[in-house]
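Following: one structure in C-alpha coordinates, then a few remarks.
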Amino acid sequence: AQSSKPLTFERSAEEIRRNAQWIAGGVNSNFRLNISPTPLVFEKAEGPYLFDVDGNKLIDYYLGMGPMILGHNPKALTDAVTEQMQHGILFGGQSKVEVEAARLVCEMVPSAERMRFASSGSEADQAALRLARAATGRQVIIKFEGHYHGWFDNVLWSTAPPLDAAGPADKPVPFAGSKGQLPQSVEGLEVLPWNDLALLQQRLAKGDVAGVIMEATMCNAGAIHPAPGYLEGVREACTKAGTILIFDEVITGFRLGAGGAQAHFGVKPDLSTFGKAIANGFPVAAIAGRADLLDMFVSGGVVHGGTYNSQPLSMAATVATLKSLTPELYATIGRNGTRLMEGMRAVFDKAGVKAVVTGYPQIFHVAFGLDAPARDYRDLARSDKKAYVAFTTALLQRGVRALERGAWFLSVTHDEAVIDATLAAVDGAVGELKGRGIL
Ligand code: PMP
(Lines give C-alpha, C1' and ligand atoms only; values in the text may rest on other atoms or scores of the structure.)
Protein backbone atom coordinates (compact mmCIF):
# COMPACT_ATOMS: atom_id res chain seq x y z
CA ALA A 1 0.00 0.00 0.00
CA GLN A 2 3.05 2.24 0.22
CA SER A 3 3.55 4.73 -2.53
CA SER A 4 5.91 7.65 -2.82
CA LYS A 5 3.38 9.62 -4.83
CA PRO A 6 0.20 10.50 -2.91
CA LEU A 7 -2.80 8.47 -4.06
CA THR A 8 -5.60 10.42 -5.71
CA PHE A 9 -9.37 9.89 -5.54
CA GLU A 10 -10.66 11.88 -8.50
CA ARG A 11 -12.88 9.15 -9.97
CA SER A 12 -14.56 8.64 -6.59
CA ALA A 13 -15.14 12.39 -6.30
CA GLU A 14 -16.55 12.50 -9.82
CA GLU A 15 -18.88 9.55 -9.21
CA ILE A 16 -20.14 10.97 -5.92
CA ARG A 17 -20.95 14.26 -7.66
CA ARG A 18 -22.77 12.42 -10.46
CA ASN A 19 -24.54 9.94 -8.15
CA ALA A 20 -25.94 12.78 -6.05
CA GLN A 21 -28.62 13.28 -8.72
CA TRP A 22 -30.14 9.95 -7.63
CA ILE A 23 -28.80 9.29 -4.14
CA ALA A 24 -29.02 12.16 -1.63
CA GLY A 25 -25.44 13.33 -1.23
CA GLY A 26 -24.22 10.33 -3.23
CA VAL A 27 -24.16 8.29 0.00
CA ASN A 28 -26.71 6.18 1.90
CA SER A 29 -25.84 7.14 5.46
CA ASN A 30 -25.09 10.56 6.91
CA PHE A 31 -22.08 9.05 8.59
CA ARG A 32 -20.52 8.57 5.13
CA LEU A 33 -20.86 12.26 4.22
CA ASN A 34 -18.20 14.97 4.61
CA ILE A 35 -15.24 12.64 4.27
CA SER A 36 -11.95 14.25 3.30
CA PRO A 37 -11.00 14.41 0.44
CA THR A 38 -14.21 12.69 -0.81
CA PRO A 39 -16.49 9.78 0.07
CA LEU A 40 -15.04 6.79 -1.80
CA VAL A 41 -16.60 4.38 -4.27
CA PHE A 42 -15.35 0.80 -4.17
CA GLU A 43 -15.16 -2.06 -6.62
CA LYS A 44 -14.19 -4.94 -4.39
CA ALA A 45 -12.68 -5.99 -1.08
CA GLU A 46 -10.47 -8.85 0.01
CA GLY A 47 -8.94 -9.61 3.42
CA PRO A 48 -7.65 -6.32 4.86
CA TYR A 49 -7.87 -4.49 1.53
CA LEU A 50 -10.35 -2.31 -0.32
CA PHE A 51 -10.04 -1.55 -4.03
CA ASP A 52 -11.59 1.73 -5.18
CA VAL A 53 -12.65 3.07 -8.59
CA ASP A 54 -9.41 5.06 -8.91
CA GLY A 55 -7.49 1.77 -8.88
CA ASN A 56 -6.17 2.32 -5.34
CA LYS A 57 -5.54 -0.60 -3.01
CA LEU A 58 -6.22 0.55 0.55
CA ILE A 59 -5.53 -1.10 3.89
CA ASP A 60 -8.91 -0.90 5.57
CA TYR A 61 -9.40 0.04 9.23
CA TYR A 62 -13.05 1.10 8.77
CA LEU A 63 -14.02 -2.53 8.23
CA GLY A 64 -17.51 -1.53 7.18
CA MET A 65 -17.77 0.63 10.38
CA GLY A 66 -16.74 -2.34 12.50
CA PRO A 67 -18.33 -5.60 11.40
CA MET A 68 -15.61 -7.28 9.32
CA ILE A 69 -13.69 -9.04 12.09
CA LEU A 70 -12.85 -11.92 9.73
CA GLY A 71 -11.71 -9.44 7.08
CA HIS A 72 -13.39 -8.92 3.74
CA ASN A 73 -14.86 -11.87 1.85
CA PRO A 74 -13.87 -14.76 4.12
CA LYS A 75 -14.45 -18.02 2.25
CA ALA A 76 -16.23 -19.84 5.11
CA LEU A 77 -18.86 -17.12 5.11
CA THR A 78 -19.33 -16.69 1.37
CA ASP A 79 -19.60 -20.50 0.99
CA ALA A 80 -22.23 -20.70 3.74
CA VAL A 81 -24.32 -17.89 2.26
CA THR A 82 -24.04 -19.30 -1.27
CA GLU A 83 -25.19 -22.69 0.01
CA GLN A 84 -28.14 -21.14 1.90
CA MET A 85 -29.08 -19.27 -1.29
CA GLN A 86 -29.94 -22.62 -2.89
CA HIS A 87 -32.56 -23.27 -0.20
CA GLY A 88 -34.40 -19.98 0.02
CA ILE A 89 -34.00 -16.30 0.81
CA LEU A 90 -36.90 -15.43 3.10
CA PHE A 91 -39.52 -17.77 4.54
CA GLY A 92 -41.71 -15.53 6.68
CA GLY A 93 -41.28 -18.30 9.21
CA GLN A 94 -38.62 -20.15 11.13
CA SER A 95 -35.56 -22.00 9.84
CA LYS A 96 -33.00 -24.43 11.21
CA VAL A 97 -30.17 -22.02 10.52
CA GLU A 98 -31.60 -19.30 12.81
CA VAL A 99 -31.82 -21.75 15.71
CA GLU A 100 -28.18 -22.66 15.28
CA ALA A 101 -27.25 -18.98 15.20
CA ALA A 102 -29.30 -18.27 18.35
CA ARG A 103 -27.81 -21.23 20.20
CA LEU A 104 -24.30 -19.95 19.41
CA VAL A 105 -25.16 -16.45 20.69
CA CYS A 106 -26.58 -17.90 23.94
CA GLU A 107 -23.50 -20.08 24.40
CA MET A 108 -21.02 -17.29 23.77
CA VAL A 109 -22.60 -14.34 25.61
CA PRO A 110 -22.55 -14.77 29.43
CA SER A 111 -25.84 -12.95 30.13
CA ALA A 112 -27.75 -14.42 27.16
CA GLU A 113 -30.33 -16.82 28.53
CA ARG A 114 -32.68 -15.97 25.71
CA MET A 115 -32.45 -13.79 22.59
CA ARG A 116 -34.14 -12.36 19.53
CA PHE A 117 -32.61 -11.32 16.20
CA ALA A 118 -33.13 -7.90 14.64
CA SER A 119 -31.76 -6.28 11.49
CA SER A 120 -29.82 -3.29 12.85
CA GLY A 121 -28.25 -2.16 16.09
CA SER A 122 -30.64 0.78 16.21
CA GLU A 123 -33.63 -1.56 16.25
CA ALA A 124 -32.12 -3.90 18.83
CA ASP A 125 -31.59 -0.91 21.14
CA GLN A 126 -35.25 0.12 20.71
CA ALA A 127 -36.34 -3.38 21.70
CA ALA A 128 -34.16 -3.24 24.81
CA LEU A 129 -35.59 0.11 25.93
CA ARG A 130 -39.12 -1.15 25.40
CA LEU A 131 -38.45 -4.25 27.50
CA ALA A 132 -36.88 -2.19 30.30
CA ARG A 133 -39.87 0.14 30.48
CA ALA A 134 -42.40 -2.69 30.26
CA ALA A 135 -40.65 -4.81 32.89
CA THR A 136 -40.36 -2.00 35.45
CA GLY A 137 -43.51 -0.02 34.69
CA ARG A 138 -41.26 3.06 34.84
CA GLN A 139 -40.43 5.54 32.09
CA VAL A 140 -37.01 7.05 32.65
CA ILE A 141 -34.03 5.77 30.68
CA ILE A 142 -30.57 7.08 31.50
CA LYS A 143 -28.05 7.36 28.69
CA PHE A 144 -24.59 8.89 28.72
CA GLU A 145 -23.02 11.78 26.89
CA GLY A 146 -21.11 10.69 23.79
CA HIS A 147 -22.70 7.21 23.69
CA TYR A 148 -24.52 6.28 20.49
CA HIS A 149 -27.51 3.94 20.47
CA GLY A 150 -28.81 4.37 16.94
CA TRP A 151 -30.35 7.15 14.94
CA PHE A 152 -33.97 7.07 16.20
CA ASP A 153 -35.62 10.10 17.80
CA ASN A 154 -35.75 8.85 21.38
CA VAL A 155 -32.01 8.07 21.65
CA LEU A 156 -30.29 10.50 19.26
CA TRP A 157 -29.56 12.90 22.09
CA SER A 158 -26.15 14.14 23.28
CA THR A 159 -24.22 11.73 21.06
CA ALA A 160 -21.77 14.42 19.91
CA PRO A 161 -22.90 17.75 21.40
CA PRO A 162 -20.78 20.87 20.94
CA LEU A 163 -19.34 21.62 24.37
CA ASP A 164 -20.68 25.17 24.45
CA ALA A 165 -24.25 23.84 24.14
CA ALA A 166 -23.90 20.80 26.38
CA GLY A 167 -24.60 22.39 29.77
CA PRO A 168 -22.71 21.74 33.02
CA ALA A 169 -20.48 18.63 33.08
CA ASP A 170 -22.38 17.05 35.98
CA LYS A 171 -25.79 17.96 34.54
CA PRO A 172 -25.64 17.74 30.74
CA VAL A 173 -28.47 19.39 28.84
CA PRO A 174 -29.84 16.83 26.32
CA PHE A 175 -28.74 17.96 22.87
CA ALA A 176 -30.75 16.87 19.80
CA GLY A 177 -28.66 15.14 17.16
CA SER A 178 -30.89 15.97 14.19
CA LYS A 179 -33.27 18.53 12.79
CA GLY A 180 -36.77 17.09 12.52
CA GLN A 181 -36.44 15.16 15.74
CA LEU A 182 -39.56 15.43 17.85
CA PRO A 183 -38.52 17.67 20.78
CA GLN A 184 -40.80 15.67 23.09
CA SER A 185 -38.89 12.51 22.20
CA VAL A 186 -36.48 13.42 24.98
CA GLU A 187 -39.31 12.79 27.44
CA GLY A 188 -38.37 9.80 29.53
CA LEU A 189 -34.68 10.21 28.70
CA GLU A 190 -31.99 11.68 30.92
CA VAL A 191 -28.33 12.25 30.07
CA LEU A 192 -25.48 11.83 32.54
CA PRO A 193 -21.69 11.96 32.22
CA TRP A 194 -20.21 8.47 31.90
CA ASN A 195 -17.61 7.08 34.33
CA ASP A 196 -19.04 9.05 37.27
CA LEU A 197 -20.50 6.47 39.63
CA ALA A 198 -21.59 8.81 42.41
CA LEU A 199 -23.81 10.85 40.08
CA LEU A 200 -25.50 7.72 38.75
CA GLN A 201 -25.99 6.23 42.22
CA GLN A 202 -27.59 9.46 43.36
CA ARG A 203 -30.00 9.52 40.41
CA LEU A 204 -30.93 5.84 40.66
CA ALA A 205 -31.70 6.16 44.36
CA LYS A 206 -34.97 7.96 43.54
CA GLY A 207 -36.26 4.57 42.39
CA ASP A 208 -37.98 5.77 39.22
CA VAL A 209 -35.47 4.72 36.55
CA ALA A 210 -36.51 1.93 34.19
CA GLY A 211 -33.17 1.36 32.50
CA VAL A 212 -29.58 2.47 32.13
CA ILE A 213 -28.09 2.01 28.67
CA MET A 214 -24.38 2.35 27.94
CA GLU A 215 -21.49 1.16 25.85
CA ALA A 216 -19.66 -0.78 28.57
CA THR A 217 -16.45 0.65 27.22
CA MET A 218 -16.91 3.65 24.96
CA CYS A 219 -16.13 2.86 21.34
CA ASN A 220 -18.43 4.75 19.01
CA ALA A 221 -16.99 8.19 19.80
CA GLY A 222 -13.52 6.79 20.52
CA ALA A 223 -12.26 4.00 22.77
CA ILE A 224 -12.48 5.04 26.43
CA HIS A 225 -11.99 2.57 29.26
CA PRO A 226 -14.36 2.30 32.21
CA ALA A 227 -12.72 3.55 35.41
CA PRO A 228 -11.71 0.72 37.77
CA GLY A 229 -14.80 -0.46 39.66
CA TYR A 230 -17.19 1.69 37.61
CA LEU A 231 -19.05 -1.14 35.82
CA GLU A 232 -19.27 -3.20 39.00
CA GLY A 233 -20.64 -0.16 40.82
CA VAL A 234 -23.18 0.48 38.07
CA ARG A 235 -24.30 -3.15 38.22
CA GLU A 236 -24.78 -2.99 41.97
CA ALA A 237 -26.62 0.35 41.90
CA CYS A 238 -28.99 -0.88 39.17
CA THR A 239 -29.76 -4.08 41.05
CA LYS A 240 -30.45 -2.10 44.23
CA ALA A 241 -32.75 0.33 42.43
CA GLY A 242 -34.63 -2.31 40.44
CA THR A 243 -33.30 -0.71 37.24
CA ILE A 244 -32.55 -2.76 34.12
CA LEU A 245 -28.90 -2.51 33.04
CA ILE A 246 -28.45 -2.58 29.28
CA PHE A 247 -25.05 -2.94 27.64
CA ASP A 248 -25.02 -1.75 24.06
CA GLU A 249 -22.50 -4.21 22.63
CA VAL A 250 -23.15 -3.36 18.99
CA ILE A 251 -19.44 -2.58 18.59
CA THR A 252 -17.88 -4.57 21.45
CA GLY A 253 -19.92 -7.76 20.96
CA PHE A 254 -17.88 -10.59 19.43
CA ARG A 255 -15.03 -8.09 18.97
CA LEU A 256 -13.58 -7.51 22.45
CA GLY A 257 -13.74 -11.29 22.70
CA ALA A 258 -16.23 -14.09 22.06
CA GLY A 259 -18.30 -12.94 25.06
CA GLY A 260 -18.04 -9.22 24.31
CA ALA A 261 -17.40 -6.48 26.87
CA GLN A 262 -19.46 -8.28 29.51
CA ALA A 263 -17.09 -11.26 29.48
CA HIS A 264 -14.04 -9.02 29.18
CA PHE A 265 -15.00 -7.03 32.29
CA GLY A 266 -16.85 -9.79 34.10
CA VAL A 267 -20.00 -7.72 34.62
CA LYS A 268 -23.40 -9.12 33.61
CA PRO A 269 -26.05 -6.78 32.25
CA ASP A 270 -29.75 -7.68 32.32
CA LEU A 271 -30.02 -7.03 28.59
CA SER A 272 -27.49 -6.49 25.87
CA THR A 273 -27.63 -5.63 22.21
CA PHE A 274 -25.40 -6.82 19.39
CA GLY A 275 -24.77 -6.06 15.73
CA LYS A 276 -21.76 -5.49 13.50
CA ALA A 277 -19.24 -8.31 14.17
CA ILE A 278 -22.04 -10.83 14.82
CA ALA A 279 -22.34 -11.52 11.07
CA ASN A 280 -19.22 -10.01 9.47
CA GLY A 281 -21.07 -7.54 7.26
CA PHE A 282 -24.57 -9.03 6.94
CA PRO A 283 -27.40 -6.92 8.41
CA VAL A 284 -27.88 -8.80 11.66
CA ALA A 285 -28.44 -7.53 15.18
CA ALA A 286 -29.61 -9.16 18.37
CA ILE A 287 -31.08 -8.45 21.75
CA ALA A 288 -30.18 -10.93 24.47
CA GLY A 289 -30.43 -11.30 28.21
CA ARG A 290 -32.52 -12.54 31.10
CA ALA A 291 -35.12 -15.09 30.04
CA ASP A 292 -37.89 -13.43 32.07
CA LEU A 293 -37.28 -10.15 30.23
CA LEU A 294 -37.05 -11.66 26.72
CA ASP A 295 -40.17 -13.69 27.43
CA MET A 296 -42.11 -10.46 27.78
CA PHE A 297 -42.16 -10.56 23.97
CA VAL A 298 -44.21 -13.74 24.36
CA SER A 299 -46.49 -13.18 27.30
CA GLY A 300 -45.78 -9.69 28.59
CA GLY A 301 -47.55 -7.74 25.88
CA VAL A 302 -44.34 -6.29 24.42
CA VAL A 303 -44.13 -6.06 20.63
CA HIS A 304 -41.01 -6.69 18.61
CA GLY A 305 -41.16 -7.09 14.82
CA GLY A 306 -39.18 -6.90 11.62
CA THR A 307 -39.71 -8.45 8.20
CA TYR A 308 -36.02 -9.24 7.82
CA ASN A 309 -35.32 -10.48 11.36
CA SER A 310 -33.49 -13.84 11.11
CA GLN A 311 -33.40 -13.70 7.32
CA PRO A 312 -31.82 -17.06 6.35
CA LEU A 313 -28.89 -15.72 4.30
CA SER A 314 -27.94 -13.44 7.19
CA MET A 315 -28.37 -16.32 9.62
CA ALA A 316 -26.01 -18.49 7.54
CA ALA A 317 -23.53 -15.61 7.71
CA THR A 318 -24.04 -15.40 11.49
CA VAL A 319 -23.36 -19.11 12.02
CA ALA A 320 -20.27 -19.02 9.79
CA THR A 321 -18.95 -15.93 11.59
CA LEU A 322 -19.60 -17.11 15.15
CA LYS A 323 -18.01 -20.51 14.40
CA SER A 324 -14.88 -18.72 13.16
CA LEU A 325 -14.43 -16.73 16.39
CA THR A 326 -11.86 -19.01 18.00
CA PRO A 327 -9.42 -18.17 20.81
CA GLU A 328 -6.67 -18.25 18.16
CA LEU A 329 -8.46 -15.54 16.19
CA TYR A 330 -8.57 -13.21 19.18
CA ALA A 331 -4.93 -14.02 20.00
CA THR A 332 -3.89 -13.10 16.46
CA ILE A 333 -5.80 -9.82 16.49
CA GLY A 334 -4.47 -9.14 20.00
CA ARG A 335 -0.88 -9.62 18.88
CA ASN A 336 -1.13 -7.59 15.68
CA GLY A 337 -3.30 -4.87 17.19
CA THR A 338 -0.83 -4.42 20.02
CA ARG A 339 1.98 -4.20 17.46
CA LEU A 340 0.07 -1.42 15.70
CA MET A 341 -0.82 0.51 18.87
CA GLU A 342 2.72 0.32 20.23
CA GLY A 343 4.22 1.11 16.85
CA MET A 344 2.06 4.22 16.56
CA ARG A 345 3.01 5.37 20.05
CA ALA A 346 6.69 4.96 19.07
CA VAL A 347 6.20 7.06 15.91
CA PHE A 348 4.46 9.83 17.88
CA ASP A 349 7.13 9.76 20.63
CA LYS A 350 9.99 9.89 18.15
CA ALA A 351 8.40 12.86 16.40
CA GLY A 352 7.58 14.63 19.68
CA VAL A 353 3.85 14.63 18.87
CA LYS A 354 1.42 14.83 21.79
CA ALA A 355 -0.96 11.95 21.15
CA VAL A 356 -2.74 9.21 23.09
CA VAL A 357 -3.47 5.78 21.65
CA THR A 358 -6.04 4.04 23.84
CA GLY A 359 -8.47 1.16 23.68
CA TYR A 360 -7.91 -2.46 22.79
CA PRO A 361 -5.98 -4.26 20.05
CA GLN A 362 -9.32 -5.08 18.36
CA ILE A 363 -10.51 -1.47 18.49
CA PHE A 364 -8.60 1.63 19.54
CA HIS A 365 -8.45 5.32 18.86
CA VAL A 366 -5.87 8.04 18.48
CA ALA A 367 -6.34 11.55 19.85
CA PHE A 368 -3.97 14.47 19.39
CA GLY A 369 -3.26 17.21 21.89
CA LEU A 370 -4.41 15.36 25.03
CA ASP A 371 -2.08 14.99 28.02
CA ALA A 372 -3.77 11.84 29.28
CA PRO A 373 -6.28 9.28 27.98
CA ALA A 374 -9.83 10.66 27.93
CA ARG A 375 -12.15 9.61 30.76
CA ASP A 376 -15.35 10.71 29.09
CA TYR A 377 -16.84 12.43 26.06
CA ARG A 378 -15.88 15.95 27.12
CA ASP A 379 -12.21 15.04 27.50
CA LEU A 380 -12.24 13.55 24.03
CA ALA A 381 -14.09 16.53 22.56
CA ARG A 382 -11.17 18.72 23.63
CA SER A 383 -8.68 16.79 21.48
CA ASP A 384 -7.39 18.36 18.25
CA LYS A 385 -9.89 17.01 15.75
CA LYS A 386 -8.67 19.16 12.85
CA ALA A 387 -5.21 17.64 13.17
CA TYR A 388 -6.78 14.17 13.32
CA VAL A 389 -8.68 14.69 10.06
CA ALA A 390 -5.46 15.95 8.44
CA PHE A 391 -3.81 12.76 9.75
CA THR A 392 -6.41 10.37 8.31
CA THR A 393 -6.33 12.29 5.01
CA ALA A 394 -2.53 12.01 4.85
CA LEU A 395 -2.85 8.30 5.65
CA LEU A 396 -5.40 7.78 2.90
CA GLN A 397 -3.00 9.33 0.40
CA ARG A 398 -0.53 6.68 1.59
CA GLY A 399 -2.98 3.81 1.15
CA VAL A 400 -4.38 3.48 4.68
CA ARG A 401 -8.07 4.11 5.34
CA ALA A 402 -9.03 4.93 8.94
CA LEU A 403 -12.20 6.61 10.22
CA GLU A 404 -11.95 10.38 10.47
CA ARG A 405 -13.94 10.30 13.68
CA GLY A 406 -13.76 7.37 16.02
CA ALA A 407 -11.91 4.16 16.17
CA TRP A 408 -9.55 1.88 14.27
CA PHE A 409 -11.00 -1.61 13.76
CA LEU A 410 -8.81 -4.66 13.17
CA SER A 411 -9.57 -7.97 11.51
CA VAL A 412 -7.79 -11.30 11.72
CA THR A 413 -6.40 -10.63 8.21
CA HIS A 414 -4.38 -7.59 9.36
CA ASP A 415 -1.13 -9.53 9.67
CA GLU A 416 2.36 -8.33 10.62
CA ALA A 417 3.21 -7.23 7.08
CA VAL A 418 -0.02 -5.20 6.87
CA ILE A 419 0.67 -3.62 10.26
CA ASP A 420 4.23 -2.72 9.26
CA ALA A 421 3.04 -1.16 6.00
CA THR A 422 0.52 0.82 8.08
CA LEU A 423 3.22 1.99 10.48
CA ALA A 424 5.37 3.16 7.55
CA ALA A 425 2.37 5.19 6.34
CA VAL A 426 1.83 6.59 9.86
CA ASP A 427 5.50 7.61 9.98
CA GLY A 428 5.19 9.33 6.59
CA ALA A 429 1.93 11.08 7.52
CA VAL A 430 3.33 12.36 10.81
CA GLY A 431 6.45 13.65 9.02
CA GLU A 432 4.30 15.47 6.47
CA LEU A 433 1.99 17.02 9.10
CA LYS A 434 4.94 18.15 11.22
CA GLY A 435 6.45 19.73 8.13
CA ARG A 436 3.17 21.58 7.48
CA GLY A 437 2.97 22.74 11.10
CA ILE A 438 -0.24 20.79 11.76
CA LEU A 439 1.23 18.44 14.37
N1 PMP B 1 -24.91 1.22 19.14
C2 PMP B 1 -23.62 1.45 18.90
C3 PMP B 1 -22.66 1.46 20.05
C4 PMP B 1 -23.16 1.67 17.59
O5 PMP B 1 -21.87 1.94 17.36
C6 PMP B 1 -24.10 1.64 16.52
C7 PMP B 1 -23.68 1.85 15.08
N8 PMP B 1 -22.56 2.54 14.82
C9 PMP B 1 -25.45 1.39 16.83
C10 PMP B 1 -25.81 1.17 18.13
C11 PMP B 1 -26.50 1.37 15.75
O12 PMP B 1 -26.34 0.28 14.93
P13 PMP B 1 -26.89 0.31 13.42
O14 PMP B 1 -26.05 1.30 12.67
O15 PMP B 1 -26.71 -1.11 12.95
O16 PMP B 1 -28.32 0.70 13.48
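The values are calculated or read from the model by the stated rules, or taken from the named source; none is laboratory data. Only a predicted model underlies this, so the values are computations on that prediction, with no experimental measurement involved. Neighbour counts run over all protein chains shown; Cβ positions are idealised from the backbone, glycine included.
Any idea how many residues of region 198-217 are touching an Asp or Glu at 6+ places or on another chain (Cβ under 9 Å) and assigned to a strand (DSSP E or B)? Residues in region 198-217 being touching an Asp or Glu at 6+ places or on another chain (Cβ under 9 Å) and assigned to a strand (DSSP E or B): 4 in total. Just one of (1) crowded, with 22+ Cβ neighbours inside 10 Å; (2) at positive phi fails for G137. It is (1).
Filtering region 15-73 to residues that are loosely packed, with under 15 Cβ neighbours inside 10 Å, within 21 Å of G222 (Cβ to Cβ) and away from the ligand (no atom under 16 Å from the Cβ) leaves N34, S36. Exactly one residue out of F282, F274, F254 is in contact (Cβ under 8 Å) with a residue 12 or more places away in the chain, within 16 Å of the ligand (Cβ to nearest atom) and surrounded by fewer than 23 Cβ atoms within 10 Å (Cβ to Cβ): that is F282. Taken over region 382-400, the criterion of being among the small types (G, A, S) and over 15 Å from T358 (Cα atoms) is satisfied by A387, A390, A394, G399.
Yes or no, residue by residue, for (1) touching a residue at least 60 places away in the same chain (Cβ under 8 Å); (2) buried (at least 17 other Cβ atoms within 10 Å of the Cβ); (3) within 11 Å of the ligand (Cβ to nearest atom):
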| position | (1), (2), (3) |
| --- | --- |
| E123 | yes, yes, yes |
| L131 | yes, yes, no |
| I142 | yes, yes, no |
| H147 | yes, yes, yes |
| N154 | no, yes, no |
| T159 | yes, yes, yes |
| D164 | no, no, no |
| L182 | no, no, no |
| G188 | no, no, no |
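Scanning region 269-301 for residues that are at negative phi and part of a helix (DSSP H, G or I) yields a total of 10.
For region 227-244, the count of residues that are within 16 Å of the ligand (Cβ to nearest atom), modelled with pLDDT of 95 or more and in a loop (DSSP other than H, G, I, E, B) is zero. Take the conditions (1) of a type outside the set (A, V, I, L, M, F, W, C); (2) surrounded by 14 or more Cβ atoms within 10 Å (Cβ to Cβ); (3) in the same structural domain as A286 (by TED's automatic domain parsing); Q94 misses just one of them, which is (2). Residues in region 316-348 that are of a type in the set (V, I, T) and surrounded by 18 or more Cβ atoms within 10 Å (Cβ to Cβ): T318, V319, T321, T332, I333, V347.
Filtered by the rule that a residue be among the aliphatic types (A, V, I, L, M), touching a strand residue (DSSP E or B) at 6+ places or on another chain (Cβ under 9 Å) and over 22 Å from R133 (Cβ atoms), region 251-276 gives I251, L256, A261, V267.
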